[in-house]
Every structure is written in C-alpha cells, then in structure tokens.
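What follows is a short report on a single structure.
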Amino acid sequence: MEQRHLGRTGLRVSRIGLGTLTWGRDTDEHDAADQLKAFWDAGGTLVDTADAYGGGEAEYVLGQLLGNLVPRQDLVIATKAGSVPDPYRRCDGSRGHLLAALDASLRRLGTDHVDLWQIHAFDPVTPLEETLHAVDLAVSSGRVRYAGVANFSGWQLAKAATWQLAAPGLRTRLACTQMEYSLLQRGIEREVLPAALDLGVGLLPSSPLGRGVLTGKYRTGTPSGSRGASEHLAPFVEPYLDAQASSIVDAVATAADGLATTPLQVALAWVRDRPGVVAPVVGARNAQQLTEALSVETLSLPDEICQALDDVSAPVHRYPDQDWSTL
C-alpha cells in the first residue's frame, strides 16, 4: 500500500487507515484479529483508536493483538484523549486529564509509546495553551511521537497549529486533524480544510463512506446486521438517509457500474485522493468488508468521474463561505 507523509512531518502512514470505533463492543477480539491481520497483510500501517471507544475496550483489544499477531514496529498506532462521558462536559482538555488519560491508554495498549496522539475535541473552558502544553510534555517524555487534533473547527485548528508553530523546536508541530469527510459530508471544505492546507496539517477523514450509506446497502431498506439496524448506531446513520443523500448514492452507484467496480470503492477512492487528505480511516464490521475497502488501492477515478461526483455532492456555500473572487 502506498505510504504518505502525515502533514509536514517525517511520519509516513498507509493511505488507508484502520478504524476501531466498534472494537470491544460490536467487534469482538476474534473479528478484530482478522481485520488487523488482513490490514497488515495488505501493507496497512495506520491503526486509529481512542480512549473513548468502548470505554477503553477498543484500546485493550488492540493491545492484546500487538506483538502476538502483528509486530508492534510495523504499525503506526494512533489514539485520542479528551472526550469524556459527562453530559455536562463533553471534553476535558486540561493538562491533568490528558496526561492521565495517555498513561491509561498506554497501559491498555501494552506499549511504552503511541506514534500519534490526538486531542479528541476542543475544550472551550480550558486555555488552549494548557491543552497544547500537555501535548508538548507527552512528546518530550517519549510517550508520544507525533501529535494532532480531531473535531476542531477551522478557527480552532488555525489557532492551535499557529501556536505550536510560533516556537519551533520547543513546541510540537501538529501533524494532522481528524474530521468526518465524504461525498455525503463536505462541510470541512468551508474552513477546516483550507486552514489545514495552509498550515501543513494532514487530514485523516473519518466516516469516509458516509457512515456506511455510500456503499449502497441502504438503497432498498435497512439490512439486518447493519449499523442502521443497530439500536445504538441507528441515530448515527439516520441523518444520511434523506433524499439528497439518496441522489448522491445513486450517482456513486452509476459511476461504479461504469467502472465495473463497487460503490464502496468509488466513494473511498474519491475521498482518498482529495487535496489535503492523507488517509481515510475505515471502520469495517468484519475482515471481508475491510478487504473490499483495501482493494481500492489499485483504483484511480478518471477526472470526468471525479468532476461528476463533485458536482452532484457540492455543498452550498453562501456568505461568508463562498469564494470572494467570484463576487
């Protein structure tokens, strides 16, 4: 699998990442092992998890597989901290919480360092410089090799990345930002993606298949066993089952028919090759689904197909998001 640099850093990762959102909850250790082995066999390196996934169970399952199934040194392990199960405070970016969370993640993963540590969300009640100081401490201690953020808005990302760049050699450059991005969700193109491109921050798209909808599986209803049929994941899928999404899915299916491939591969190839994208993070239900996603490595969409998909999925940009040069 092709390797790409993560932002303006020396870290190289596979251009498809393996997501573990459901590990330890909907995906047991056996299925997780099958996925990790298939991913490694295909040349994949980037494995993305978080301390909040399954209340830590995703990290624990991954930790049980490291070394025993796949050599630790062959993988780029990425985790996150800052998201908390508190209805009154969704994120905690305090230095104390973040560093304690990192130590707990390392214990569950059974490793002395993570290759990439991401702040899971912006904490509006903690000074940003305190949050970023925790990042610098984690890197200087050797527990973290590279750092990034997730779910930051455009101005939040720009502020954080610029703060880190203001003291080169003393502060850790942000390598990446992780945000939802797909043909069904292009909102980051307004401000997040331009900020990332300008500041040399790589993009790791989450839900690159539109929460599974872009595979076409929901075109005739909700299949049993799918996320849309799951009690706790149905609300996650439901926003992408409207008429606008349906027209985009139809266009993807048409493109797939013309290219003799699958809607999954078309949708994934489109987002993988967008400007600024380093590696879409794919979460699969089983190894068979993952193998289909990994087979996209050989697919490059023709320009005319990309343009048609761009047109049918184009987000509405109004003041002040539109290109000022057109006024």
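The values are calculated or read from the model by the stated rules, or taken from the named source; none is laboratory data. Please read all numbers here as calculations on a predicted model, not as lab measurements. Positions of Cβ are backbone-derived with ideal geometry, glycine not excepted, and every protein chain shown enters the neighbour counts. Note: accessible area is taken over every heavy atom of the protein model, side chains too, but ligands, DNA and RNA are not part of it. Shrake-Rupley method; radii C 1.70, N 1.55, O 1.52, S 1.80 Å.
Total residues in the stretch 4-16 satisfying the condition of being closer than 22 Å to L199 by Cβ and either out of contact with any Phe, Trp or Tyr (no Cβ under 7 Å at 6 or more places or on another chain) or part of a strand (DSSP E or B) (or both): the figure is 8. In the stretch 295-327, of all residues being part of a loop (DSSP other than H, G, I, E, B) and of a type in the set (D, E, K, R), the one that is modelled with the lowest pLDDT corresponds to D323. Filtering the stretch 232-290 to residues that are charged (D, E, K, R), free of Cβ contacts under 8 Å to residues at least 12 places away in the same chain and either touching a His at 6+ places or on another chain (Cβ under 9 Å) or more than 15 Å from L184 (Cα to Cα) (or both) leaves only D257.
For the stretch 61-80, the set of residues classified as in contact with a strand residue (DSSP E or B) (Cβ under 7 Å, 6 or more places away or on another chain) and not polar (S, T, N, Q) consists of V61, L62, R72, L75, V76, I77, A78, K80, listed by residue number. Scanning the stretch 266-286 for residues that are under 26 Å from A58 (Cβ atoms) and buried (at least 18 other Cβ atoms within 10 Å of the Cβ) turns up A267, L268, V271, R272, V277, V278, A279, P280, V281, V282, G283, A284.
Among the candidates T172, T177, the residue that is within 23 Å of S83 (Cβ to Cβ) and over 14 Å from the mean Cα position of the chain (by Cα) is uniquely T172. Looking at W117, W40, just one residue is surrounded by fewer than 20 Cβ atoms within 10 Å (Cβ to Cβ), within 19 Å of the chain's Cα centre (by Cα), at pLDDT 95 or above and not hydroxyl-bearing (S, T, Y), and that residue is W40.
Would you check if there is a residue in the stretch 67-83 being under 25 Å from Q156 (Cβ atoms) and of a type in the set (K, R)? Looking through the stretch 67-83, at least one residue is under 25 Å from Q156 (Cβ atoms) and of a type in the set (K, R). Only one entry in A134, A147, A160 is touching a helix residue (DSSP H, G or I) at 6+ places or on another chain (Cβ under 8 Å), open to solvent by less than 20 Å² (accessible area, probe 1.4 Å), more than 18 Å from G202 (Cα to Cα) and among the aliphatic types (A, V, I, L, M), namely A134. Note on the stretch 84-103: residues that are touching a residue at least 12 places away in the same chain (Cβ under 8 Å), assigned to a loop (DSSP other than H, G, I, E, B) and open to solvent by 10 Å² or more (accessible area, probe 1.4 Å) total 6.
In the stretch 39-63, the residues that are farther than 22 Å from C176 by Cα and in contact (Cβ under 8 Å) with a residue 40 or more places away in the chain form Cβ pairs under 8 Å with partners that are open to solvent by 20 Å² or more (accessible area, probe 1.4 Å) and polar (S, T, N, Q), at six or more places apart or across chains, as follows: A42/T291; G63/T111. Of all residues being in contact with a helix residue (DSSP H, G or I) (Cβ under 8 Å, 6 or more places away or on another chain) and among the hydrophobic types (A, V, I, L, M, F, W, C) in the stretch 1-16, which is surrounded by the most Cβ atoms within 10 Å (Cβ to Cβ)? Just the residue, please. Top of the filtered list is I16. Residues that are among the acidic types (D, E) and surrounded by 21 or more Cβ atoms within 10 Å (Cβ to Cβ) do not occur anywhere in the stretch 62-83.
Take residues that are within 27 Å of G43 (Cα to Cα) and tell me which of the helices (runs of 4 or more DSSP H) falling wholly in the stretch 210-291 contain 1 or more. Full working, then the answer.
Working: elements: 234-237, 243-259, 263-272.
In the stretch 210-291, 243-259, 263-272 are the helices (runs of 4 or more DSSP H) which contain 1 or more residues that are within 27 Å of G43 (Cα to Cα).
Within the set E238, E231, the sole residue that is of a type in the set (D, E), touching a helix residue (DSSP H, G or I) at 6+ places or on another chain (Cβ under 8 Å) and farther than 30 Å from H5 by Cβ turns out to be E238.
Summed over the stretch 291-318, the residues that are surrounded by 13 or more Cβ atoms within 10 Å (Cβ to Cβ) and among the acidic types (D, E) give a count of 3.
Here's the yes/no breakdown for (1) in a loop (DSSP other than H, G, I, E, B); (2) modelled with pLDDT of 95 or more; (3) surrounded by 15 or more Cβ atoms within 10 Å (Cβ to Cβ):
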residue	(1), (2), (3)
L18	no, yes, yes
R25	yes, no, yes
H30	no, yes, no
D34	no, yes, yes
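If the condition is being open to solvent by less than 30 Å² (accessible area, probe 1.4 Å) and hydrophobic (A, V, I, L, M, F, W, C), then the stretch 43-61 contributes L46, V47, A50, A58, V61.
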